[in-house]
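What follows is one structure encoded as structure tokens, with my remarks underneath.
The values are calculated or read from the model by the stated rules, or taken from the named source; none is laboratory data. Bear in mind the structure is a predicted one, so any value in this text is a computation, not a measurement. Counting neighbours? That spans all protein chains shown, and the Cβs are built from the backbone with ideal geometry, glycine included.
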């Protein structure tokens, strides 16, 4: 009876598309290439109208019972099957520790050296050369540059060398039931993990990924896997753990789904007038004209089309840096909401694509 009365207090399966370690991006633009139907959120329906303020928090075991009932109903999976699987899940304190100290909390001068290294640049150039034909095919079809796809894989998993050692089940179980700050997102992802297992015939117990439950070469969360993964080689499966044709097509499809614009820039360096006041946009969306940014004292340092833009100010190793970001910058932040992440992907992609003599020095 308590579970029924308290269901209204638990909005634990809100719809999200991303990120791991990803945050909850806004609703996606419809992809230009066909994608599976969007996964649905699960929201418990209260059986009794009551005041949420008067209801004490649910205990983890109560959350789990609600989760089992709703996931079973939504995805037509037997309750006993879900319960048996969850009985094998383990709480991991190391996961809680990791999510409370993300790299994105660092300043840019400390964050950049994690990803823009000689090893990662050279590894990316080698990886792109080895898979040039497949990457070019995806680039031609989607408009997403090959170097951007490679940089995502480089930042996420060092080109497949580190796809995570946590059981995805343990990660999402821990964060979905024992991390109140974002339990709605992670319990939703746990539900979609069960759906993904059913759709793709994966053994949940065998799936490994990051501390946040992201999986495969491109580190897709379960809902993103369901929404954006593509069968790049037409073998009848979407396998982002071993099939690079699927990985390349899926990363590109994710960007297309969030509105990547072929041929448009990502960033350009900006200068700041001596009398300009600091300006921090309230969102990452590119919604200012270059004239509006100029009125605020920020101008591109090179010729650039007058596209909707925004401003990003970073604490660099040589001082404050100002950058003008465009729609494609915003799209990269749908993969991971940190602007530092987007900048690292952009700069790594630029370094990978540059002639060897023009590779920027790692800092």
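Considering 68, 96, 64, which residue is more than 18 Å from residue 182 (Cβ to Cβ), in contact with a helix residue (DSSP H, G or I) (Cβ under 8 Å, 6 or more places away or on another chain), surrounded by 14 or more Cβ atoms within 10 Å (Cβ to Cβ) and touching a residue at least 12 places away in the same chain (Cβ under 8 Å)?
Going through 68, 96, 64 in turn, the sole match is 68.
Suppose we filter region 200-216 for residues that are surrounded by fewer than 24 Cβ atoms within 10 Å (Cβ to Cβ) and in contact with a helix residue (DSSP H, G or I) (Cβ under 6 Å, 6 or more places away or on another chain); how many remain?
Adding up the residues that qualify gives 3.
Would you say residue 354 is under 20 Å from residue 152 (Cα atoms) and without any contact (Cβ under 8 Å) to a residue 24 or more places away in the chain?
It is true that residue 354 is under 20 Å from residue 152 (Cα atoms) and without any contact (Cβ under 8 Å) to a residue 24 or more places away in the chain.
So is residue 225 within 20 Å of residue 134 (Cα to Cα), modelled with pLDDT of 95 or more, touching a helix residue (DSSP H, G or I) at 6+ places or on another chain (Cβ under 8 Å) and crowded, with 24+ Cβ neighbours inside 10 Å or not?
So residue 225 does not fit the description; no.
Do the conditions hold for residue 289, that is, is it more than 12 Å from residue 328 (Cα to Cα), in contact with a strand residue (DSSP E or B) (Cβ under 9 Å, 6 or more places away or on another chain) and modelled with pLDDT of 95 or more?
yes
For region 306-323, does any single residue satisfy the condition of being in contact with a strand residue (DSSP E or B) (Cβ under 6 Å, 6 or more places away or on another chain) and not in a strand (DSSP E or B)?
So far as region 306-323 goes, yes, one or more of its residues are in contact with a strand residue (DSSP E or B) (Cβ under 6 Å, 6 or more places away or on another chain) and not in a strand (DSSP E or B).
Could you please find all residues in region 27-59 being surrounded by 15 or more Cβ atoms within 10 Å (Cβ to Cβ) and at pLDDT 50 or above?
Across region 27-59, the qualifying residues are 55, 58.
Condition (residue is closer than 19 Å to residue 348 by Cβ and either over 20 Å from the mean Cα position of the chain (by Cα) or touching a residue at least 12 places away in the same chain (Cβ under 8 Å) (or both)) applied to region 160-171: is it met by at least one residue?
yes
Name, by its number, the condition in (1) in contact with a helix residue (DSSP H, G or I) (Cβ under 7 Å, 6 or more places away or on another chain); (2) closer than 25 Å to residue 263 by Cβ that does not hold for residue 325.
(1)
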